[in-house]
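Novice: Dumping the structure here so I can ask a few things about it.
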Number of protein chains: 2
Amino acid sequence: MILKNQIEWALHCCSLLAAVPDGCYLPTKALAEFHGVPKEYLSKALQALSQAGVIEGTLGPTGGYRLARRPSEITFLDIVEAVEGKASTFACTEIRKANPCLPSKTKTSKTCAVARVMWKADAAWRESLKSTRLSDLAQMIAEDVPPEVLAKSAEWVAARS
Amino acid sequence: MILKNQIEWALHCCSLLAAVPDGCYLPTKALAEFHGVPKEYLSKALQALSQAGVIEGTLGPTGGYRLARRPSEITFLDIVEAVEGKASTFACTEIRKANPCLPSKTKTSKTCAVARVMWKADAAWRESLKSTRLSDLAQMIAEDVPPEVLAKSAEWVAARS
DNA sequence: GTATTAAGGATAGTGATTGTCCTTAGTATA
DNA sequence: TATACTAAGGACAATCACTATCCTTAATAC
């Protein structure tokens, strides 16, 4: 099991969209070029983010995407769930019901114990993703990347917004 | 992204192996029949568990599998990692390096910030899986399943061990 | 009117998961 | 010793999700 690449793309795109000047939009073409990924396919991830209300897009020559909320109000979970969906990573197929010793009349009152444990772990994963906001990521990146690269990237984005 | 079915099978199989009498082995055929899954394919998951040292198998007419340790010393994480591997669910493809504003000479001192956050969430997931042991699962199941079904299942297993 | 954009449908290519079949070697029993 | 049973594992095909590309439609700025 591995998360799809679109998750990574979506996270990096949102990170970059945080650098878009107020009132402006950054088109898919620029986002794809900046990250070196296919524009058409990236578009699918951006559409998912848009539908989830994480980002918002507008049409026309000055169109593109921008964050729908402030970076401090967008969590990693928002982005991951927009692309990946909200369904648990563990799918219970109820194989416990195949138990030959289980009379068919038995009521399965609770959910499967195995599933409960796996879902608890899934919840812990999401809770961790929820605890980091886009603004936190911006701060981390500001500490990692040299200031001149950061400034140049902001210019690059502004020039295309 | 979704965990493979073999994870579910492996967890249920380990749960059932906990009911095998001391010194006995339960063959793949019985495990597959009990859970209603294809014997040949289930065998792959059991082999992975065996290689990871979670269970141990022996050959011959009285052969099969049994737990390699006591249920209190086997965690969900042991089982999940045996089948799924220890690699993180998030794979960083370093798309940050495609940044056109990044001089090629720039040293990437730290790992990607996005990856760090995703890996932290992955660690939280594994930590949660680590906190539940096979003995805990047995207790949960004992509270869910009617005593007569539990006893009948134990008989079923003993008869094939 | 023209160029540009998001949105989304249709369709292949790719790779991981699922499933089956077969061979090999070790073990218990008659 | 012969036989039946088992795990281990290699080879292979089917299925399905992910990746990628192409195309049409509708809205927007100039």
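Novice: How far is helix B:39-51 tilted off the main Cα axis of chain B, in degrees rounded to 10, range 0 to 90?
Specialist: Long axis of B:39-51 versus the principal axis of chain B: about 70 degrees.
Novice: Might you report the magnitude of the Cβ-based charge dipole of the protein assembly as shown about its Cα centre, with Lys and Arg at +1 and Asp and Glu at -1, to the nearest 20 debye? List each step's numbers first, then the result.
Specialist: Working: 40 positive and 34 negative charges, 46 e Å.
For this selection, approximately 220 debye.
Novice: What order do you get for B:140-151, A:85-96, B:13-24 when each peptide is scored by the mean count of other beta carbon atoms within 10 Å, highest first? Don't skip to the answer; put the middle values down first.
Specialist: Details: B:140-151: 14.0, A:85-96: 15.6, B:13-24: 17.4.
Going from most to least packed, we get B:13-24, A:85-96, B:140-151.
Novice: Sequence neighbours fewer than 8 away in the same chain don't count; with that in mind, list the aspartates and glutamates whose C-alpha is under 16 Å from A:K44.
Specialist: Excluding near neighbours in sequence, the set is A:E8, A:E33, A:E56, A:E81, A:E84.
Novice: If you don't mind, there's one more thing I want to ask. Under the √(5λ) rule applied to the eigenvalues of the Cα gyration tensor, what semi-axes describe the equivalent ellipsoid of the protein assembly as shown? Give them in Å, descending.
Specialist: On the way: eigenvalues 478, 77, 49 Å².
Semi-axes from the Cα gyration tensor: 49, 20, 16 Å.
Novice: Distance from a point 7 Å along Cα→Cβ of A:A158 to each backbone N in the range A:106-149: keep the residues under 16 Å and list them by number.
Specialist: Output list for this probe position: A:147-149.
Novice: Here is a further query. At R0 = 51 Å, how high is the FRET efficiency between A:S72 and A:E94 if r is their beta carbon distance? Nearest 0.05 is fine. Write down the numbers at each step before the final one.
Specialist: Values: r = 42 Å, r/R0 = 0.81.
Between A:S72 and A:E94 the formula returns 0.75.
Novice: Which value in deg cm²/dmol, rounded to the nearest 500, describes the helix-derived mean residue ellipticity at 222 nm for chain B, given -39,500 (n - 2.57) per DSSP H run of n ≥ 4 and division by the residue count?
Specialist: When only DSSP H runs of four or more count, the value is -16500 deg cm²/dmol.
Novice: Quick check for you: which residues of the range B:38-80 have the amide N under 16 Å from the point 7 Å beyond the Cα of B:N5 toward its beta carbon?
Specialist: B:38-46
Novice: May I ask you to give the average projected area over all directions of the convex hull of the Cα atoms of chain A, in nm² rounded to one decimal?
Specialist: On the way: hull surface 49.2 nm².
So the Cα hull casts an average projection of 12.3 nm².
Novice: So, one more: Quick check: at a probe of 1.4 Å, how many percent of the accessible area of the range A:19-60 sits on carbon and sulfur atoms? Show your work: numbers first, answer last.
Specialist: Values: 1090 of 2200 Å².
The nonpolar share, carbon plus sulfur, comes to 50 percent.
Novice: Next question. Mind listing the long-range amide H neighbours of A:I55? Cut-off is under 5 Å, sequence gap 5 or more, other chains count too, H placed in the peptide plane at 1.01 Å from N.
Specialist: A:S50, A:A68
Novice: Could you point to the residue in A:L129, A:A113, A:L77 farthest towards the positive end of the range A:14-161's charge dipole, with +1 and -1 charges on the Cβ of Lys/Arg and Asp/Glu respectively?
Specialist: A:A113
Novice: For the range A:74-161, with all protein chains present and a 1.4 Å probe, just round the carbon and sulfur fraction of the accessible area to a whole percent. List each step's numbers first, then the result.
Specialist: Working: 2430 of 4390 Å².
Of the solvent-accessible surface of the range A:74-161, carbon and sulfur hold 55 percent.
Novice: Moving on. Quick one: accessible area per residue over the protein assembly as shown, 1.4 Å probe, rounded to a whole number of Å²?
Specialist: It amounts to 49 Å² per residue over the protein assembly as shown.
Novice: Roughly how many nanometres apart are two label points built 7 Å out from the Cα toward the Cβ at B:Q139 and A:E143?
Specialist: Reported label-point gap for B:Q139 and A:E143 is 3.9 nm.
Novice: Starting from the Kirkwood Rh over alpha-carbon pairs, what translational D in µm² s⁻¹ does the range B:42-82 have by Stokes-Einstein at 20 °C and 1.002 mPa s? List each step's numbers first, then the result.
Specialist: Numbers: Rh = 10.5 Å.
So the translational diffusion coefficient is about 203 µm²/s.
Novice: Right, here's the next one. Over what distance in Å are the Cα centres of the range B:1-43 and the range A:89-150 separated?
Specialist: 23 Å
Novice: In a GNM of chain B with a 10 Å cut-off on Cα contacts, which of B:A45, B:A68, B:A121 has the highest mean-square fluctuation?
Specialist: Sorting by GNM fluctuation, first place goes to B:A121.
Novice: Compute the angle between helix B:147-159 and the longest alpha-carbon principal axis of chain B, please, reported from 0 to 90 degrees and rounded to the nearest 10.
Specialist: The angle comes out near 80 degrees.
Novice: Translational diffusion coefficient of the range A:1-50 at 10 °C, 1.306 mPa s, Stokes-Einstein with Kirkwood Rh over Cα pairs, in µm²/s as a whole number.
Specialist: Values: Rh = 11.2 Å.
It comes out at roughly 142 µm²/s.
Novice: Another question about this same structure. Over all distinct alpha-carbon pairs, what is the Kirkwood Rh of the range B:96-161 in angstrom? Mind showing how you got there, number by number?
Specialist: Working: mean 1/r = 0.0592 Å⁻¹.
For the range B:96-161, the Kirkwood estimate is 16.9 Å.
Novice: Full-extension gain between B:E56 and B:C24, please, as 0.36 nm times their residue separation minus the C-alpha to C-alpha distance.
Specialist: Numbers: separation 32, 0.36 × 32 = 11.52 nm, distance 1.12 nm.
Stretched fully, the B:E56-B:C24 segment lengthens by 10.4 nm.
Novice: Averaged across the residues of A:92-100, what count of C-beta atoms belonging to other chains lies within 10 Å of each residue's C-beta? Don't jump to the answer; show the numbers that get you there.
Specialist: Working: counts 1, 6, 1, 10, 9, 2, 7, 10, 7.
Taking all residues of A:92-100 together, the mean is 6.
Novice: Enter the buried accessible area of the A/B pair, total of both sides, probe 1.4 Å, in Å² rounded to the nearest 100.
Specialist: Working: alone 10450 and 10470 Å², together 15860 Å².
Approximately 5100 Å², summed over both chains.
The values are calculated or read from the model by the stated rules, or taken from the named source; none is laboratory data. Predicted, not measured: the structure shown is a model, and the values here were computed from it. Counting neighbours? That spans all protein chains shown, and the Cβs are built from the backbone with ideal geometry, glycine included. For the accessible areas, the whole protein counts, side chains as well, though only heavy atoms, and no ligand, DNA or RNA atoms are used. Shrake-Rupley method; radii C 1.70, N 1.55, O 1.52, S 1.80 Å.
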